[in-house]
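Each remark here refers to the structure printed beneath this line.
Values quoted throughout were computed directly from the atomic coordinates according to the rules given, and no laboratory measurement underlies them. Just so you know, these numbers come straight off a predicted model, no measurement behind them.
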Amino acid sequence: MAGRIRTALVVAALLVPSAAGAAPITSGVWAPIGVLEEDNAIFWDGTSDDCAECSVGAFLTLFGSVEYLHDGNGSSTPFVFDDPDLSWTKLFSLSSWQNGTLTFRADGAFHYDSGTGHVSNSIEQAWQFALFRQVGAGTTRYFLGVEDIRLDFHSIQSDRDYNDYVATSVEATPIPEPSSLILLGTAMFGFGVGRFRR
């Protein structure tokens, strides 16, 4: 019995590092968008106030095939990232004001302050954020689009273009490490030899 417990602990310890790299944590699902056009896209409706082709969807067409995060029915879903050290780079901001700031909370949620009194986070006001990803060979690139005007306060004023703060991050796709597999095999062999000697 003690040997089985030790084996289970070793296996669990080896599996934890690979699970820690899996982001984001969310109740939603990823689905391909296909052609990103404003009239057909999920997270915005109508023309951006900034210009006819200024929504984040028009920008993402430059990157080809992209998936979006949603609740299973095409709507936004709360989300966090489990890696607070993941580096996010601002790509652009098309707000009429340029004071918006994006930060990363301790619980993994994104927090956006427009600088004009509109504050939101990706857990409690998930509809203010549009999260996309592009899965490549060995890496996954994320795009985060933020809508600066709170939809729950000013739904008519909001143009839902999600271009008011756009950031990106690239994460290495976790793959099984040969050294971890060798260590697991060695541990299993050691436990087997120990049992045989008894």
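Derived scalar couplings between HN and Hα for region 76-86 equal 5, 9, x, 8, 9, 10, 8, 10, x, 8, 5 Hz in order, rounded to whole Hz, by the Karplus curve 6.51 cos²θ - 1.76 cosθ + 1.60 (θ = phi - 60°), x for Gly and Pro. If the viscosity is 1.567 mPa s and the temperature 4 °C, what translational diffusion coefficient in µm²/s does Stokes-Einstein give for region 28-170 when Rh comes from Kirkwood over Cα pairs? In µm²/s, the coefficient rounds to 86.
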